[in-house]
Amino acid sequence: MNPYIQTIKDAYSGYWQYLVGEVLQPSWHNYFYWLIALSLAVWLLEIIVPWRKKQAIFRQDFWLDGFYIFFNYFLFSLIAYNAISNVAVLAFNDFLSLFGVKNIIAFQIQSWPKWVQLLILFVVADFIQWNVHRIFHRVPLLWKFHQVHHSVKEMGFAAHLRFHWMESIFYKTAQYIPLAMIGFGLEDFFIVYIFTTAIGHLNHANLNISYGPLKYLLNNPKMHIWHHAKTLPNGTNGINYGITLSIWDYIFKTNYIPTNGENITLGFKDDEQFPKDLAGQMLYPFVKK
């Protein structure tokens, strides 16, 4: 059988078995139940100590964003991403083999302490994501995809994973080669993924927290809400691009927290015309001229 066809078949069958196992076999290394637990924990904090006290518990688009959480975290991989990424990796390795290259590992760190490896993975991956995020705001074609995320009108934990599925492809494509060069696989390092998911939930939550002095290191709700502001500083395409770490914004002077952002208007110019339904948001970047 053609190796590419076999890769596609294996991707679908393998991911289906993985997803069923996630649901039916709870464990401490289970993404499915960690996602549910983190979501419920942050939502409970929103209910107990909300920043915007007049915001409803079931805020605007709560259920739409709830679907996005599971679609982008699990279902998209089942539908397409796992097969696409596996085929892309196979094609990339076949391309390298034309030049006699078996792998692109440039830095051997596997013998280093595990915590050092985890830290390097986390910092390198976050810096790549920060740069990709900036590009989403600066390239009109990519901005159309990113507008799905910025269509949020009331911030809450579930807004974290409201984004167009194409963003997963762009982000992980950008990460693949740099992380592969230092011997990392994107499927590795469970603890980093869970930590970044928790910070992402908190960044979008209806919570009045900034982590004190750690605000210069970690992204937080009081900083990230300004990233979603409908009105941006003159001459900018965006501000506060941090995903998990805020330090990149302070280093590269893209940080912006002028006042308490508790009640600022969220969105983007002409967002009144942006689709409100899932299908419309998924199709928007492909049909909008």
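The values are calculated or read from the model by the stated rules, or taken from the named source; none is laboratory data. For clarity, every value in this text was computed on a predicted model and none was experimentally measured. Heads up, the Cβs are rebuilt from the backbone with ideal geometry, glycines too, and the neighbour counts pull from every protein chain shown. SASA here: full protein model, heavy atoms, side chains in, ligands and nucleic acids out. Shrake-Rupley method; radii C 1.70, N 1.55, O 1.52, S 1.80 Å.
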Quiz item: Taking region 245-258, which residues are farther than 17 Å from I209 by Cβ, part of a loop (DSSP other than H, G, I, E, B) and open to solvent by 70 Å² or more (accessible area, probe 1.4 Å)?
Solution: F252, K253, Y256
Quiz item: Looking only at region 3-21, which residues are surrounded by fewer than 18 Cβ atoms within 10 Å (Cβ to Cβ) and under 20 Å from F190 (Cα atoms)?
Solution: G14, W16, Q17, Y18, L19, V20, G21
Quiz prompt | Any pair with Cβ under 8 angstrom, 6 or more apart, that starts in region 36-51 at a residue that is in contact (Cβ under 8 Å) with a residue 12 or more places away in the chain and ends at one that is open to solvent by 70 Å² or more (accessible area, probe 1.4 Å) | solution = E46/I57; V49/N208; W51/N208
Quiz item: Of the residues P275, P285, which single one is under 19 Å from L142 (Cα atoms) and buried (at least 17 other Cβ atoms within 10 Å of the Cβ)?
Solution: P285
Self-check item: Qualifying position, being exposed (fewer than 13 other Cβ atoms within 10 Å of the Cβ) and either in a loop (DSSP other than H, G, I, E, B) or at pLDDT 85 or above (or both), among W34, W28
Solution: W28
Quiz item: Exactly one of (1) farther than 30 Å from I120 by Cβ; (2) at pLDDT 95 or above; (3) of a type in the set (A, V, I, L, M, F, W, C); (4) touching a helix residue (DSSP H, G or I) at 6+ places or on another chain (Cβ under 9 Å) is unmet by F252. Its number?
Solution: (1)
Quiz prompt | Candidate set from region 146-160 (those that are assigned to a helix (DSSP H, G or I), in contact with a helix residue (DSSP H, G or I) (Cβ under 6 Å, 6 or more places away or on another chain) and open to solvent by less than 10 Å² (accessible area, probe 1.4 Å)); member that is farthest from I48 (Cα to Cα) | solution = H146
